[in-house]
Structure formats: C-alpha cells, structure tokens
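Here is the structure we will look at, set down as structure tokens.
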Amino acid sequence: MKIRVKPLILTLVGSMAVLFGGWFFYQNVAVQSPVEKVAKEVSTVSDAKANITRNDVQLVIQVQPDANLREIVQHIYQSGNKVIGDKKLNITVSNPSSPLLDDWWSHALFGVAQAMENKQYSEIPQVLEKTSKSLNLTQVHTSAEMDERNVYVTITDGKASKYVILPRKGEPVGVWPNA
C-alpha cells in the first residue's frame with residue numbers, strides 16, 4: 001500500500017489549523033476578552049490588556065488620575081472570578097509616571113518594604129508622610145489602602161500619578177544565587 005504524500009500533508013495542515021485556530025479562538029473569546037471586559041467595566045479604567053497562561057492571568061490596566069485602585073482590583077476579583085477561576089491574578093498599572101514621582105518612590109521604598117516585611121501595614125502612611133516632609137515636596141500627595149490581598153499606594157503630584165500594588169503575601173525566596 002502506497003501512502004500518498006499530498007493528501008496526508010493537506011490533512012495534517014488542515015487538522016492543525018482547526019486545532020490551533022480553535023484554541024486561539026477559545027483563549028481570546030472565552031477567557032481573555034471577558035477579563036478585559038470586566039476591568040473596563042470600571043469607569044476609571046481607561047484600557048486593559050490581559051495575557052493568560054496556564055497558571056496565571058497577567059492584567060495590565062491604565063487608569064484615570066482619580067482612580068481608587070483598591071476598588072478596581074476588588075471589582076476585577078469579584079466580577080472576573082468565573083473566568084479567572086483558580087489562576088493567580090497579577091495586575092499591573094501602566095500609567096506613565098514622572099521622574100519626580102519615581103525618585104520620590106525610590107526614597108520611600110525602603111521604609112515601605114520594611115513595614116511590609118514586618119507586617120506593620122499601619123506604618124506605611126507614616127512612611128509616605130515622612131518621605132514627603134524629608135524631601136520637602138508639598139505638591140506630592142499620597143494615599144495607602146489595604147485589603148485582604150494587597151496594599152495599594154497612590155502617589156500624585158497634580159500632573160502625573162504613580163500606582164503601586166504590593167502583595168501582602170510575598171513570594172517565597174529560593175536559594176540565594178551567591179550562597
């Protein structure tokens with residue numbers, strides 16, 4: 001029995017197109033689009049892009065300057081629970097910051113990290129206030145909120161905003177590379 005190569009290749013290519021096309025359609029229509037739609041339901045979310053892998057959902061959002069980050073994240077968790085399921089949700093805010101806010105955050109980061117490590121979350125607003133006073137930047141306004149998953153820090157200077165989401169449960173550290 002002689003195997004005909006042309007029909008075999010056409011069948012293989014057609015089967016692969018249907019299989020991968022179906023997977024791509026499912027990924028975009030049944031999973032990715034609903035997550036983006038849930039995020040865009042919030043009036044202060046300007047844009048949302050989702051990337052879904054086997055174990056987690058990476059959601060990049062862009063928010064308006066007056067956004068309450070804690071409310072946005074809670075809405076995404078509550079409304080997107082059916083789509084997200086047991087996957088880990090990682091939300092990143094992609095708003096453009098300013099050099100002033102980035103520099104300000106680098107000064108506050110050590111104190112905030114120390115409060116997070118010691119689970120002294122009530123110290124975070126104090127650290128933010130001390131940083132503003134020490135840098136003598138009265139135009140920089142900060143706020144910190146918390147829920148059961150994250151601590152949300154918002155830093156604004158009237159023109160630009162910086163949003164930081166700090167998970168309350170840190171990632172475990174493996175073996176140190178130089179140990």
Residue 164 vs. criteria in a helix (DSSP H, G or I) and in contact with a helix residue (DSSP H, G or I) (Cβ under 8 Å, 6 or more places away or on another chain): no
Which numbered condition residue 31 misses (of (1) open to solvent by 100 Å² or more (accessible area, probe 1.4 Å); (2) within 28 Å of the chain's Cα centre (by Cα); (3) at pLDDT below 85): (1)
Residues being under 24 Å from residue 91 (Cα atoms) and at pLDDT 85 or above - total across the range 1-28: 0
First in the range 40-53 and farther than 20 Å from residue 87 by Cα, second anywhere and modelled with pLDDT under 85, Cβ under 7 Å, 6 or more apart: 44/66
Residue list for the range 61-76, filter: more than 18 Å from residue 51 (Cα to Cα) and either of a type in the set (S, T, N, Q) or open to solvent by 70 Å² or more (accessible area, probe 1.4 Å) (or both): 64, 65, 66, 68, 71, 74
Selected residue (criterion: surrounded by the most Cβ atoms within 10 Å (Cβ to Cβ)) from residues of the range 77-100 that are within 11 Å of the chain's Cα centre (by Cα) and not basic (Lys, Arg): 93
Every residue from the range 101-125 that is surrounded by 19 or more Cβ atoms within 10 Å (Cβ to Cβ) and touching a Ser or Thr at 6+ places or on another chain (Cβ under 6 Å): 108
Residues being buried (at least 16 other Cβ atoms within 10 Å of the Cβ) and not hydroxyl-bearing (Ser, Thr, Tyr) - total across the range 126-144: 5
Some residue of the range 59-66 being touching a residue at least 40 places away in the same chain (Cβ under 8 Å), in contact with a helix residue (DSSP H, G or I) (Cβ under 8 Å, 6 or more places away or on another chain) and over 30 Å from residue 23 (Cβ atoms): yes
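The values are calculated or read from the model by the stated rules, or taken from the named source; none is laboratory data. Because the structure is a prediction, the values reported are computed rather than measured. Reconstructed Cβ throughout: ideal geometry from the backbone, glycine too, with neighbour counts over all protein chains shown. Protein only, heavy atoms only, side chains kept; ligands, DNA and RNA dropped before computing areas. Shrake-Rupley method; radii C 1.70, N 1.55, O 1.52, S 1.80 Å.
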